[in-house]
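Asks: So that we are looking at the same thing, I have put the structure below in structure tokens.
We did not get these values from a lab; they are worked out from the coordinates using the rules stated. Small disclaimer: the values here were computed from a predicted structure and weren't measured. In this analysis, Cβ positions are derived from the backbone assuming ideal geometry, glycine residues included, and neighbour counts consider all displayed protein chains.
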Amino acid sequence: MRTDDDSWDITESVGATAIGVAAMRAYETRRADALFSDPYAEKLVEAVGSENWTAMLRGTREDLREQGGSFIQGVMGYFLIARTLYFDKYFADAMDVGVRQFVILASGLDARAYRMQWPSGSVVFELDQPKVLEFKAKALAQDTPAADRREVPIDLRQDWPKALLDKGFDPAEPTAWLAEGLLRYLPGDAQDRLLDHVAELSAPGSRMALNIGPGERALSDDFRKRRAEALAKNGIRVDLEQLWYPWEGRTDPRTWFAMRGWLVREGDPVALLQDRGRTVLGAALPDMSTHILMTAIRPRGDDTL
């Protein structure tokens, strides 16, 4: 059960979910028809030293391979692939319009600072729990980031804006922010404070990308049951439903940004995959529809979506 002051290592609580996401990226990278390449994901998962997580990333267990009901090729796999594609393009678009300052909130095992092609002068700030960043730094010690990567070890429920500024963040420069898979791990009031801070630190021309969903209750009982069974049968001890705070009663980020004059655009994960030639099985469509991708831009006079 989550508490307001809990913390975690990479193999514990919220940290363990980052391993699962990296395993998904590694599994996709191994495919002959991969829609993206993340050569660091497998290295990060293997650095955990867990036979169960390694089996997940390699897709060697039957429970993880069953179409429609698997953890890798089912709804979660579909959505995490779509999410990766969406946010990769989000960063690339920001680069194209001249943004050179990037902030990844709750970066987990995100390897974009290493795997993307960053323009000269790009600075990528990664914020997360100290132990999570320590693990990633050790796992990728032999690799060189493709941008000026700056770690900001801090809990996002603390005074992270000061920590970010102390690392050289410039609030006068346009920033591309990313909150990938983050909001449901925050209480509603912490989410609002986080968005307030983002807005306060965002110069005109800044943008924010995140994913949201209406919560676990919107997912089918059948999917939730099969997800739990797949994890348990493969020795992965993560009770996802105990890690997420309720969605009910919190502010919808789309509304939050729109009310403050930001330009808001939504992404369709199913359309995104289908446009890239990836078939989404019909059984997964209802649960896929509960996931939302969004981008918001603070106008500077010439910005459009």
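Asks: Would you order Ser122, Ser37 from fewest to most other beta-carbon atoms within 10 Å of each residue's own beta-carbon?
Replies: Least crowded to most crowded, the residues run Ser37, Ser122.
Asks: I would also like to ask the following. Could you pull out the pairs from Lys138/Lys162; Lys89/Lys131; Lys131/Lys162; Lys138/Lys167; Lys43/Lys131; Lys43/Lys162 whose alpha carbons sit more than 22 Å apart here?
Replies: Beyond 22 Å: Lys138/Lys162; Lys89/Lys131; Lys43/Lys162.
Asks: A further question on this structure: Tally Lys and Arg at +1 and Asp and Glu at -1 over the other residues with C-beta under 11 Å from the C-beta of Arg149: what net charge comes out?
Replies: -1
Asks: Assuming R0 = 35 Å, can you tell me the calculated FRET efficiency for the pair Asp189 and Arg265, based on Cβ-Cβ distance, to the nearest 0.05?
Replies: 0.85
Asks: If you don't mind, there's one more thing I want to ask. What is the distance, in nm, between label points placed 7 Å from the Cα along the Cα-to-Cβ direction at Val97 and at Ser120?
Replies: Calculated label separation equals 2.4 nm.
Asks: To continue, here is another question. Quick one: Karplus J couplings for segment 174-190, per residue in order, coefficients 6.51, -1.76, 1.60, θ = phi - 60°, nearest Hz, x for Gly and Pro?
Replies: x, 10, 9, 9, 9, 10, 8, x, 9, 4, 6, 8, 10, x, x, 5, 5
Asks: Something else about it: If you stretched the chain out fully between Thr255 and Ser289, how much longer would it get, using 0.36 nm times the residue separation minus the C-alpha to C-alpha distance?
Replies: Gain in length upon complete extension: 10.4 nm.
Asks: Computed FRET efficiency, Cβ-Cβ of Ala141 and Lys162, R0 30 Å: what is it to the nearest 0.05?
Replies: With a Förster radius of 30 Å, E is 0.60.
Asks: If the chain between Glu248 and Lys89 were fully stretched, how many nm would it gain, using 0.36 nm times the residue separation less the Cα-Cα distance?
Replies: 54.3 nm
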